[in-house]
Every structure is written in C-alpha cells, then in structure tokens.
Amino acid sequence: MTALQKSVENGAVIIKKHDYARVISHYDADGITSAGIICNALLRRGMRFHATIVSKLERSFIRGLNEDLIIICDMGTAQLELLYEYLKEKDVVIIDHHAPIPLTSAHINLFNASSSSSLSSPVLINPCCTGTSTGNGAADANEEQHELTNERGSTICAAGLSYLVARCMSDDETGKGNIDLAGLAVAGTLGDKLELNTGLNRMILDEALQEGVISVKTGLKLGGGKIRDLIFFATDPYIPLAGKIECVDAFLKKLDIERDKNSSDLTIEEEKRLTTALFSLLRESQPDISDEVLVGTTYIFHSEVIRDGMTFMKVIDACGRLGKSGIGIGLCLREDRLVEEAGAFYTSIQNKLVSELTRIESADGEDAIKERENIFYFHVQERGVTGILAGIVADYLCTDKPVIVLNRMDRTENGKKPETKVSARCNKKLLLPPVSSRIDLAKALEKASREVGSFGGGHPIAAGASIPEKTEEKFIAALDMIIGKQKIGKQKTFLENEKK
C-alpha cells in the first residue's frame, strides 16, 4: 500500500468517527466537484454537513471555524501554519493537490504522519508532499512521488482524491460503494485540464467505464446542446465565430446544417462536414493547431443531471465563478430542478467571455493586450472570467509567452481593502522540451506577489494571486523579470547537462 493510499484511508477513518462535518472547498469546477463528492458520501452515511465554497482560505475565516470535523478540499496545504494555529484541537482532513511553495519539512512530515499506522489530526492527503525531509527543508522525490506527480504538480486533481476518500468511506460489502461518483471526479479532472489516461486518473476512469457510470466516444469537443449556441459560445476550443451570431448562421447555412439541431443529433455526414469546415477556419489563423483541440474523446455521465461531461464541468464552474456555488453543489447532489437555473449562469459566463474576446480582437481593443519581454498581460473588464479568459488567450491567441490577466476588484466591503485579482496561464508547449523554454507560474507569482506585500501560487501552468490596489505595474515588472530569470536558469541547466 502506498503512502498516499494510507493517508486516504486514514482520512476516511477520521471522517467516519463523526456525525457532522464542515466541508470547505474552492470555487472552481475541481473544488465544487470535490465538495460534491464528499457531501454525497456524507449523506449516504447519514452524516449532516455544512458546505462552504470560498476563493481562498483567509486567517479570519480559519479562526472562525469551530466544528469538530473540518474537511478542506482543493486547498489547505499552503495554509498549514494557520490550520495548526487555530484548529489544533479539531479533526481536520485536507484533500489537496497543490504543491506548497516552498515545500518544507512540515508538509512532508505531516504527510508522512497522515500515512502512518497511527491516526492523528490533521490528515494531509496530497501527493505533492511525499518524500523525505532534507536538511534545508526541501523534498527528495521518492518513487511514489515520481509516479503520482510531475513538475507541473500533482497529476490527480482534488476531485479525484476526494473520490478515493469517498470510496473508502463506503461500507458497501460489494466493494462498489460510491463508484457512481466517478463522474464528478472526471469532471474535476477536465476542469483542471489534467490527463485522464495516466496513473490514478486512468484507474478511476476504468472503474467508471467498467461499472457503466461513464461511457466515452470520439467526436467534436463542443459539448452538448444546439449547434448554433455551441459555436456562438465556442471559447474552449476557441472558434473565431464565437460571439458573432450572423457569422455563425451564415456558416451553418453554407454547410446546410440546421442551426437549432442538437449536436447529438448530427448525422455522421453532417458532423464530418462541420469538422472539416471548423478545422479550415481555425487553421487560417493557427496553421499548426492540433487536431486534438477540436476532436477527441468526449465523456458521457450516466449518473449526473447533465450527461455531457464537458458541459457539466463548465456549468459547475460557471456557478462557482458567479457566486452561486450552492447551485453547483446541488447539481453534484443530482438536483434536476437546478439544471435550468445553472444553465442560465453558464450562458452569462459565456456572454462575458465572448464580450471580452470581441473587445480584445476589435479595433478598439487593438492595444488591449500588452507585451513585455517575457509575458503578455491585459486588464479584464468583466467579472468572474479572469482565469478562463487567461487560459483561452494563452491556448489560442498569444501562445508563445505566459498570459497575465488583471481584474480590479472592489473589496471595500467588510473593511477589506481594494485589490486586483491576477490569473496567469501559459500554453502547454511552454512546459515541453527544450528545457530552456520551461517556466513555473506558481513560483513566479508567489515571488512577484511577495514583492508587493501579498501572496500567490497554484500550478506551473496555471496560477493566481491577489495583490493590493495600485501595485499592478510593480507586480508586472517583477513578474516579467522573475520569468526571465527562470528561463535563463533552465537554459543554464540544459547547457550544463548537455556537457555531461
């Protein structure tokens, strides 16, 4: 049994000792599906719970927690010091996949304690914290860490880890208890854009396929719904027709495809014509775009209220980003009556996205995206789409450097000072060989944030921060310099290895 498996089992044992839990998670698709999995598992044990979805764990929030059992999903590893300070008398289970910066002996020792034979709290379930402590507080990767993580961080998302915990929480003698929650785990994986065909993700998917919880097919990755709406709102994959309804109608008329036809009802010939035409359109602006962007494996969830996996994930994500996370949790609890309302939130988010993309691509937005030596950056005007927009621009429009999106937020309520939310994304090709091109946005944002008296972090390919108002230029300058140094450092390492 691996250390991760043992920590999962120990977390489940701690949870099963109680009859009430406070569940806390992040507001994105992975965070909400993580909470949804745990809440389903608690309900099935007859346990009451109070679920809270937040954007970050702040000191004041942690200090106010007073429940005997607190389950934290998709966050918590970076706040270990605060959790120790305020919750040392409580049972705390942390289900997280984010690599703390820096990874210290405290993280590793807690993970090792969490995977030991003796139960203790808090329990840390995080594959990024495997290893043995060294003299300087860093981590030496062991065999299990190589298997479960790579230099982008954990290859399994928080929803996947929560699913493993839920499986251990079941007392079903058949050994199949809570397998039906695998769709939520896959949705979280899709949300964090992690590979489903490797490691524990593959194990979860295979289990779901075998039990008929999920099925897969190959086809257009536009999601489910009317084909006209899918193309109009096609932001990921990004199609240049997005936001241009007259162009969409003309496009479909030329292909002789009914605009109100559901994507699942397209004939083989219609889907072939549509695919060919969309690729032709995409390659006018992106000649080297991969076929996998538009066509690939799609997932059908047989136990969820929205069957198309990608659509389900995006609707959940939209609920969280618009502050309607309770609706997202309700979808995970399979409340059919919430589907229409949740769909309206998704439409709202997509309208915001196409509005921003139109602004960026229009004459008025000619200078919207600014360029420095090592990054692109711009300010977003709409709320709730900062991270999504950063990902779209990095994946489809500005692919050669990291993309930084800033969103000024009014935080004067409850005595909080105004701040700017920052989301950073980079195209996956920047993490591939040659080594000289590799960067780490999580480390870069953590360092740049500290220079303006704040904090940041995340994953090497996707990270975020919150910085004080009026520090944006200083932050951008620092971030550009830090990423430049990362590239120089990687180049030096690469050259040194070549000489050996």
Hits in segment 267-306 (condition: farther than 18 Å from residue 238 by Cα and touching a helix residue (DSSP H, G or I) at 6+ places or on another chain (Cβ under 7 Å)): 299, 300, 301, 303, 304, 305, 306
Residue count for segment 161-189, restricted to those that are more than 18 Å from residue 13 (Cα to Cα) and at pLDDT 95 or above: 11
Residue under evaluation residue 296, criteria (1) surrounded by 12 or more Cβ atoms within 10 Å (Cβ to Cβ); (2) assigned to a helix (DSSP H, G or I); (3) under 31 Å from the mean Cα position of the chain (by Cα), criterion not met: (2)
Qualifying position, being surrounded by 21 or more Cβ atoms within 10 Å (Cβ to Cβ) and either under 27 Å from residue 44 (Cβ atoms) or hydroxyl-bearing (Ser, Thr, Tyr) (or both), among 327, 349: 327
Pair list, Cβ < 8 Å and 6+ apart or interchain, from segment 113-134 residues that are over 16 Å from residue 69 (Cα atoms) and not assigned by TED's automatic domain parsing to the domain that holds residue 101 to residues that are exposed (fewer than 13 other Cβ atoms within 10 Å of the Cβ) and at pLDDT 80 or above: none
Where residue 62 falls short, out of the listed (1) touching an Asp or Glu at 6+ places or on another chain (Cβ under 9 Å); (2) part of a helix (DSSP H, G or I); (3) buried (at least 20 other Cβ atoms within 10 Å of the Cβ); (4) not hydroxyl-bearing (Ser, Thr, Tyr): (3)
Near pairs, Cβ below 6 angstrom, 6+ apart or cross-chain, from segment 415-426 (within 16 Å of residue 384 (Cβ to Cβ) and of a type in the set (Ser, Thr, Tyr)) to any residue that is surrounded by fewer than 19 Cβ atoms within 10 Å (Cβ to Cβ) and at pLDDT 95 or above: 420/472
Selection within segment 68-88 - assigned to a loop (DSSP other than H, G, I, E, B) and under 15 Å from residue 30 (Cβ atoms): 74, 75, 76
Considering residues of segment 262-293 that are under 24 Å from residue 347 (Cβ atoms) and of a type in the set (A, V, I, L, M, F, W, C) only, the residue surrounded by the fewest Cβ atoms within 10 Å (Cβ to Cβ): 281
Qualifying residue in segment 158-167 (condition: surrounded by fewer than 19 Cβ atoms within 10 Å (Cβ to Cβ) and more than 14 Å from the chain's Cα centre (by Cα)): no
All positions within segment 6-34 that are more than 19 Å from residue 74 (Cβ to Cβ) and either assigned to a strand (DSSP E or B) or free of Cβ contacts under 8 Å to residues at least 12 places away in the same chain (or both): 20
Yes/no for residue 211 being assigned by TED's automatic domain parsing to the domain that holds residue 163, under 27 Å from residue 320 (Cα atoms) and acidic (Asp, Glu): no
Scope segment 135-159; condition out of contact with any strand residue (DSSP E or B) (no Cβ under 7 Å at 6 or more places or on another chain), outside any loop (DSSP other than H, G, I, E, B) and either at pLDDT below 75 or assigned by TED's automatic domain parsing to the domain that holds residue 441 (or both); matching residues: 139, 143, 144, 145, 146, 147, 149, 150, 153, 154
Segment 210-257, subset part of a loop (DSSP other than H, G, I, E, B) and among the acidic types (Asp, Glu), residue surrounded by the most Cβ atoms within 10 Å (Cβ to Cβ): 236
Unique residue being at pLDDT 95 or above and of a type in the set (S, T, N, Q) when the list is 355, 303, 362: 303
Subset tally (residues that are free of Cβ contacts under 8 Å to residues at least 24 places away in the same chain, within 19 Å of residue 230 (Cα to Cα) and among the charged types (D, E, K, R)) for segment 315-346: 2
Candidates 53, 37, filtered to the one that is within 14 Å of residue 169 (Cα to Cα), at pLDDT 95 or above and either part of a loop (DSSP other than H, G, I, E, B) or touching a helix residue (DSSP H, G or I) at 6+ places or on another chain (Cβ under 6 Å) (or both): 37
Unmet criterion (only one of (1) surrounded by fewer than 22 Cβ atoms within 10 Å (Cβ to Cβ); (2) modelled with pLDDT of 95 or more; (3) closer than 20 Å to residue 102 by Cβ) for residue 474: (3)
Checklist (1) surrounded by fewer than 22 Cβ atoms within 10 Å (Cβ to Cβ); (2) acidic (Asp, Glu); (3) out of contact with any Leu (no Cβ under 6 Å at 6 or more places or on another chain) applied to residue 30, failing item: (1)
Total residues in segment 91-123, condition within 25 Å of residue 33 (Cβ to Cβ) and either among the aromatic types (Phe, Trp, Tyr) or in a loop (DSSP other than H, G, I, E, B) (or both): 10
Qualifying positions in segment 258-277 - of a type in the set (A, V, I, L, M, F, W, C) and not in a helix (DSSP H, G or I): 266
Meets criteria (in contact with a His (Cβ under 8 Å, 6 or more places away or on another chain) and not assigned by TED's automatic domain parsing to the domain that holds residue 285) for residue 405: yes
Tally of residues being closer than 17 Å to residue 193 by Cβ and of a type in the set (Lys, Arg) across segment 264-318: 1
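The values are calculated or read from the model by the stated rules, or taken from the named source; none is laboratory data. Please read all numbers here as calculations on a predicted model, not as lab measurements. Quick reminder, even Gly has a Cβ in these numbers, built from the backbone with ideal geometry, and neighbours come from all protein chains shown.
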